[in-house]
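Asks: Pasting in a structure now, in structure tokens, and then I'll have a few things to ask.
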Amino acid sequence: MANLTEKILLPHRDDLNDPYMIGDELVFFVNGKKITERQAEPEVTLLTYLRRKLGLTGTKLGCAEGGCGACTVMISKYHPHLGRLVHHSVNSCLAPVCSLHHCAVTTVEGIGSVAGKLHPVQERIAMSHGSQCGFCTPGIVMSMYALLRNNPTPRMVDIEEAFQGNLCRCTGYRPILEGYKTFTTEGGCCGGRVNGNGCCMSKGDQNNGYIDDHVNGNILLPAPLYNPADFQPLDPTQEIIFPPELMSLVKTQSPTRLSFMGERVLWLQPASLDELLDLKARYPNAKLVVGNTEVGIEMKFKNLLYPVILAPSYIPELNTIEHTDLGIVFGASCSLTVLGDVLKTAVASLPTHQTGVLIAVLEQLRWFAGLQIRNVAAIGGNIITASPISDLNPVFMAAGCKLTLMSKAGPRVVVMDENFFPGYRRTILTPEEILLSVLIPYTVKSQYFAAYKQSPRREDDISIVTSGMSVTFAEGTAVVKEMALSYGGMAATTVLAKYTASGLLGKQWGEELLQDACASLAKEMTLHPSAPGGMVTYRRALTLSLFYKFYLTVQRKLAAEGVCVEVRADYVSATEIYHQNTASSVQIFQAVPEGQKEEDVVGRPMMHLSAMKQATGEAIYCDDIPLYENELHLCLITSTKAHARILSIDTSEADVMPGVVTCVLAKDIPGSNVTGPAFYDETVLADHTVTCVGHIIGAVVADTQAHAKRAASAVKVSYEDLQPVIITIQDAITHQSFYQPIRTLQRGDTKQGFTQADHVLEGEIYMGGQEHFYLETNATVAVPKGEDGEMELFVSTQAPAKTQALVAKALGVPANRVVVRVKRMGGGFGGKESRSTILSTVVAVAAHKLKRPVRCMLDRDEDMLVTGGRHPFYGQYKVGYMKSGKVVALKVTFYSNAGNSMDLSFSIMERALFHMENSYNIANVWGRGYPCKTNLPSNTAFRGFGGPQGMLVAESWINDVAQSLGLPTEQVRRLNLYKQGDTTPYSQILEHITLDRCWDECLETAHYKQRRAAVDQYNRNHRWTKRGLAIVPTKFGISFTALFLNQAAALVHIYTDGSVLLTHGGTEMGQGLHTKMVQVASRCLDIPTSKIHITETSTSTVPNTSPTAASASSDLNGAAVQIACEILLQRLEPYKTSNPKGSWEDWVKSAYFDRVSLSANGFYKTPDLGYDFETNAGRAFNYFTYGVACSEVEIDCLTGSNTNLHTTIVMDVGNSLNPALDIGQVEGGFIQGVGLFTLEELKYSPQGYLFTRGPGMYKIPAFGDIPTDLTVSLLRDAPNQKAIFSSKAVGEPPLFLAASVFFAIKDAITAARAESGLSGPFRLDSPATPERIRNACEDRFTKMCPPALPGTFTPWAVTV
């Protein structure tokens, strides 16, 4: 750290003789308004400035590392080097406010509002149902807005590129893309896929995606989910203009040096190259910052301090672009977007043989971060950062790029070779030197160049292995003359495979060269089995696989010139560059019955009630609540040990840091330190012992979040390690560390079943956990009321009543003194059902101690560290089956990694057991579940609640049965499906079962037989890419498994003007619950929805509420609302009878003047429920939601990449209350499941430290991960008499259908393994990441990279 702090060289702020110490004025514009900041703080980001200084809270904090796009704004500036205005989307969470001098910032509030007028970009995302929780919406709106400012008629490919840096956890992306497709040249159509006979809009009647009901033989013509004709047109002439005052400032003022002195950091913006070199000589350890995409992250997440920052963005020499005979010279400050634009123009105009390197750089830029990062990140920063997994450095190294370095002593030119990076994150630059420019060379005749990148997710992802490869041949031959092979991700630096390259010189390009190259690379590109980043076997195999792709690519080009043999036709796909096809989709749902009144909105695709507000940034989330006058900010102090005794907590250094008010420890808790959502087995603050990394020990409270965070990292906790440290399920099994009791569920006689079976097989599968990644992290604002111990809390939680109870317990007051209010959440997914209380209780204790309001919104890395996620599961199974494929006996054992407290793990294991047979009728079943007690943060509820884990194990064994018999998997699945009247293992008779209808419709709609034949044909014709197909059912039980939670209440007020205030026990997290409740009340009261309002969920209006969870909230709260409304209607009935022609307002006034109460409570409890594990009797569930999905994928056998080509989903949701919301839940749940089963992987160290603590390392699905072709059909004519207006629950059931993608991948791997002579069942754990896919596709290359033997090394990460 000594080389970073520079304390000796940093001048003191009081040294007024130094011209740099006199802070300049920062001048910029926000939404057309001039901002003059006289005390600009270099460490403050634009996002913090917007939210805290200007009160513009529409721009959201999602991750603070530029990985989610929630903070996207548009920055406009006059670019003197280009001579024009440029508009860029940027991540305001990374942009230092000091970098914005003479810039114009446009936020989501600046382009439209609900009260004024929405911009078309805002209107279309709302009306096309592209906003659910709404937290990501402002960022997506601004990415689209910035695109339209640059290009009013974009193509779909432009939109897809614009959204590479944006994430959404709710919608599944389809409605966003579809809504914005209406801006494109392609227009707002179905993609020409409906019924295979052209575009849905090409017919005269404009029937917008209506589709034949092939299954039932009748034609359905439902209304579309929305009508694009209702959209207001985009008028580019009406956009906000660049401030004229700013334009004159920029054009008239010559560049001047700027300095901004902050609390710890001096920001210097030199006006000339000489000035920069002077400053670099004066402050040799100063960091140069252009985009702040690396330094900003280092200062935030690595707690590094760079006291002097030099900002050279506007120095002409660093921005020049020069075309020379040898190549193109780029100034080091040129952004990656500028680099890409210049290279595209050059490629179009240059002779093909000169463009090899340029095309390779462009290919890497396609997948380099998101557009917001590329818009600001500089080419020089990318090189000097010296990341060992840089996307571009291997390309520059293989190309032999020349770098011009500069200092006061003058310039020097170096070649970017193996000597340029002497060590990890180091270059050969001296402290006084800067990188001035980069020469990217042209290729020459007979030179072939390619670049490759492999990452867990294609879009906006850091690479696992990246490479640049160049070969030059003796002219007219296939004899190698020169060669360079460069790799990233294979060492602490970017490296050249010099030994391999030199060994291939003089050799003929052919099979012998390939053998020699691979054997040599396998020896040269080695990794220690404990190497950081893990995936060692995969990374080694990739070095060979990527070279093989290069080998085939070059061979094809040589063959075209007649100096080499042709590549085998079935090998060609290995050379093809991935191009994303624009997604197309169809949604099918049942129209409302003929004759339903227009005002009756039940069953209609009504827009989410908050969608417009969410699109304009006006929707208020917890951290958007304006600051209280004397408010303080809190930051948690967490354990760095997985299992240890706390010896001491030293807060002395933190206590005296700027802004710090107090530290809160266990001794400050006025009530009980014992807490927990279901069992009191946790502490509010760790007292003597910590049992996981991330265990909350205390908190620091300060005047700003930055001060609190800084001080929290200064608190010193000393520990004494305790044993054992149990991290993984295997550790727990070894130590027999389980929570009691251990549940067993059985029916029939498994012993007899196995005896009568023709075959018995055994297997196992591991399923990884999952981070909720709600875009809004946990947040709480606690406001002490000053009397009687009262406190009001604004919390982002699914469980207001539980929050109230646990806060009251910690404060030592009755629950009636604590009010918890929830307006809305930016996503929940179960993660805020119980774990939100670990923050709320601490914030409440701090507020109580100080008698002042206290606020905390966790940073993404803190949230991921402390809150836990979906339970990892390990399943062992033994299955007995007949030759036909009929399963007759099943024995399953589940182990879940519950973490360091019980939380809800017990109920989650029960649900896993309830779903252990999925949709299959098995006569003899035995299942047992062990929740493992480990030293990880407690895992918790997550959409599906154990169901997906149980069902994945089921699908694994039924897949094994089919493979072992050589039967089609769909045949074996269909044979075993439940039928009407069958009984489940927990003795529940299945009534009104629609599984068979869903299955048949899915086969029909997906054209399964034709698709299967096409997949088989494709696989016969392609060796290195394979396709797979799978169809998977789901049966999801609806009810809380804890009986007492199946209750709900509602409170309805009618005011004398006829308006209705509706309150119920459910919370809004994006699922549209409030919208559905308004629809229900509207029908019950027979009044328009415009008269009904829901303001929030509060413990002071509806008490003792169940958490909004288990998919049951519409059922429970809807019934309660209905009951309350019916009570009111009964009271109004006499006035309606006596005045039949009167209006609603007339009846209400009459009742009021007649002194009739216009307020009513409704209470509902689900009837006939209650299951007993001991007797295996009773009804566990009120009913079941059924669904079936068919998916087709394509995998790259050499890299493990996969593409989702097609998915058809048929979902039985009864009579949908709102098809738009329900289809949104189906698609959103499905894409979240795609993440669970193919992408999202939590990486823990053997010591229990979580590596994946943000979007940089933890990958949720992005826009490009949705199926290219997606059909969602809500089953028609399937009313459900057990729920409100014959509807069904929809939140959780669709998630598991993404297992169809997992098993389609497994199907494709099966085809790949067959090429190597491998057949029969094989184990594939979840998620099916590129690493697992590649390692399962065994071939000649994987055999050259055998894994190290377990036990001979300590792995970087463990399977928990």
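Asks: Could you run the Karplus curve 6.51 cos²θ - 1.76 cosθ + 1.60 with θ = phi - 60° over the stretch 224-230 and give me ³J(HN,Hα) per residue in whole Hz, x for Gly and Pro?
Replies: Once rounded to whole Hz, the list reads x, 5, 7, 10, x, 5, 7.
Asks: Which values of log₁₀ I(q)/I(0), to two decimal places, follow from the Debye formula for the stretch 944-993 at q = 0.28 Å⁻¹ with a uniform point scatterer at every Cα?
Replies: -1.03
Asks: Using each residue's phi in the stretch 1234-1247, evaluate 6.51 cos²θ - 1.76 cosθ + 1.60 at θ = phi - 60° and report the 3J(HN,Hα) Karplus result to the nearest Hz, with x for Gly and Pro.
Replies: 4, x, 4, 8, 9, 10, 7, 9, 7, 10, 10, 6, x, 8
Asks: For the stretch 1316-1360, which whole-number percentage of the solvent-accessible area (1.4 Å probe, protein heavy atoms only) is attributable to carbon and sulfur atoms?
Replies: Carbon-and-sulfur percentage of accessible area, whole number: 58.
Asks: On average over all directions, what projected area in square nanometres does the stretch 623-671 have, based on the convex hull of its Cα atoms?
Replies: Quarter of the Cα hull surface area: 5.9 nm².
Asks: In nm², what is the average projected area of the convex hull enclosing the Cα atoms of the chain?
Replies: With the hull built on Cα positions only, its mean projection is 51.2 nm².
Asks: Next up: What accessible surface, in Å², does a 1.4 Å probe find on residue 1044, ignoring ligands, DNA and RNA and rounding to the nearest 10?
Replies: Solvent-accessible area, nearest 10 Å²: 140 Å².
Asks: So, one more: Give me the distance between the Cα centres of the stretch 905-966 and the stretch 762-840, rounded to whole Å.
Replies: Cα centroid of the stretch 905-966 versus Cα centroid of the stretch 762-840: 28 Å apart.
Asks: Can you return the aspartates and glutamates within cross-link range of residue 709? Criterion is Cα-Cα under 12 Å, with same-chain partners fewer than 8 residues away left out.
Replies: 859, 862
Asks: With every protein chain kept in place and ligands, DNA and RNA left out, what is the accessible area per residue of the chain? Probe 1.4 Å, answer in Å².
Replies: 35
Asks: Mind putting together the pair-distance distribution for the stretch 913-974? All Cα pairs, 5 Å bins, whole percent per bin, short to long.
Replies: Taking every Cα pair in the stretch 913-974, the percentages come to 4, 14, 21, 21, 16, 11, 7, 5, 2.
Asks: Still on this structure, please answer the following. At 1.4 Å probe size, put 926, 509 in order of accessible surface, largest to smallest.
Replies: So the residues, ranked largest to smallest area, are 926, 509.
Asks: I'd like the accessible area for residue 597: 1.4 Å probe, protein heavy atoms, all chains in place, Å² to the nearest 10.
Replies: So the heavy atoms of residue 597 present about 100 Å² to solvent.
Asks: Then there's this: For residue 150 and residue 428, what does the FRET efficiency come to when R0 = 45 Å and r is the distance between their Cβ atoms, rounded to the nearest 0.05?
Replies: With a Förster radius of 45 Å, E is 0.70.
Asks: Find, among the trypsin sites (Lys or Arg not before Pro) in the stretch 1141-1240, those assigned to loop by DSSP (not H, G, I, E, B) with at most 16 other beta-carbon atoms within 10 angstrom.
Replies: Within the stretch 1141-1240, the qualifying trypsin sites (Lys or Arg not before Pro) (loop, at most 16 other Cβ atoms within 10 Å) are 1141, 1155.
Asks: Using only Cα atoms, what is the ratio of the radius of gyration of the stretch 576-662 to 2.2 N^0.38 Å?
Replies: 2.26
Asks: Sticking with this one: Amide H to amide H, which residues 5 or more places from residue 661 or on other chains are under 5 Å from it, using H placed in the peptide plane?
Replies: 701, 702, 703
Asks: Going down the list 751/1035; 785/809; 60/1259, which pairs span over 22 Å between their C-alpha atoms?
Replies: With Cα atoms farther than 22 Å apart: 751/1035.
Asks: Could I ask something else about it? Which trypsin sites (Lys or Arg not before Pro) in the stretch 1281-1339 pass both tests, a DSSP loop state and at most 14 other beta-carbon atoms within 10 Å?
Replies: Those that pass, being in a loop and sparsely packed, are 1323.
Asks: Let me ask another. Evaluate 2.2 N^0.38 Å with N set to the residue count of the stretch 395-470, then give the Cα radius of gyration divided by it.
Replies: This ratio for the stretch 395-470 stands at 1.32.
Asks: List the trypsin sites (Lys or Arg not before Pro) in the stretch 472-517 that DSSP assigns to loop (not H, G, I, E or B) and whose Cβ has at most 16 other Cβ atoms within 10 Å. Which are they?
Replies: Sites meeting the loop and neighbour criteria: 507.
Asks: Hey, can you grab everything whose amide H is under 5 Å from the amide H of residue 982? Only 5+ residues off in sequence or another chain; H modelled, so Pro and N-termini drop out.
Replies: Residues meeting the criterion, in which the H sits 1.01 Å from N, are 990.
Asks: Same structure again: Got a sec to turn the phi values of the stretch 563-580 into Karplus ³J(HN,Hα) couplings, 6.51 cos²θ - 1.76 cosθ + 1.60 with θ = phi - 60°, whole Hz, x for Gly and Pro?
Replies: 10, 7, 6, 5, 6, 4, 4, 7, 9, 4, 4, 5, 9, 7, 7, 5, 10, 6
Asks: I'd like the carbon and sulfur percentage of the solvent accessible area for the stretch 1061-1202, probe radius 1.4 Å, heavy atoms only, ligands and nucleic acids excluded.
Replies: 50
Asks: Please list, or write none, the lysines whose alpha carbon is within less than 18 Å of the alpha carbon of residue 408, excluding same-chain residues fewer than 8 places away.
Replies: Once the sequence-local lysines are set aside, what remains near residue 408 is 280, 287.
Asks: What does the accessible area of residue 1360 come to, in Å² to the nearest 10, when a probe of 1.4 Å is used?
Replies: It works out to around 10 Å².
Asks: While we're looking at this one, here's another question. Just the Cα atoms of the stretch 676-716, one point each, no solvent: what log10 I(q)/I(0) does Debye give at q = 0.24, 0.25 Å⁻¹?
Replies: For the requested q values the scattering log ratios are -0.87, -0.90.
Asks: What's the longest uninterrupted piece of the chain once you rule out the GluC sites (Glu not before Pro) that are loop residues per DSSP with at most 13 other Cβ within 10 Å?
Replies: 26-474
Asks: Summarise the accessible area of the stretch 337-391 (1.4 Å probe, protein heavy atoms) by the percent that is carbon and sulfur.
Replies: That share works out to 67 percent.
Asks: Can you list the residues, at least 5 places off or on another chain, whose amide H is less than 5 Å from the amide H of residue 1183, using H built in the peptide plane?
Replies: Under 5 Å from the amide H of residue 1183 lie the amide H atoms of 1038, each far enough along the sequence or on another chain.
Asks: For the stretch 1226-1347, state the average projected area of the convex hull of the C-alpha atoms over all orientations, rounded to one decimal in nm².
Replies: Seen from a random direction, the Cα hull of the stretch 1226-1347 projects 12.0 nm² on average.
Asks: From the helices alone, meaning DSSP H stretches of at least four residues, give me the mean residue ellipticity at 222 nm for the chain, per-run term -39500 (n - 2.57), in deg cm²/dmol to the nearest 500.
Replies: -8000 deg cm²/dmol
Asks: Counting DSSP beta bridges in the chain, what percent are antiparallel, to the nearest 5?
Replies: 80
Asks: Between the stretch 1029-1056 and the stretch 991-1021, what is the separation of their alpha carbon centroids in Å?
Replies: One Cα centre to the other: 31 Å.
Asks: For the stretch 952-1074, report the % of Cα-Cα distances exceeding 19 Å.
Replies: 70
The values are calculated or read from the model by the stated rules, or taken from the named source; none is laboratory data. On a predicted model such as this, the values are computed, not experimentally measured, just so you know. Note that each Cβ is placed from the backbone with ideal geometry, even for glycine, and that neighbours are counted across all protein chains shown. We work out accessible area using only protein heavy atoms, side chains counted, and drop any ligands, DNA or RNA first. Shrake-Rupley method; radii C 1.70, N 1.55, O 1.52, S 1.80 Å.
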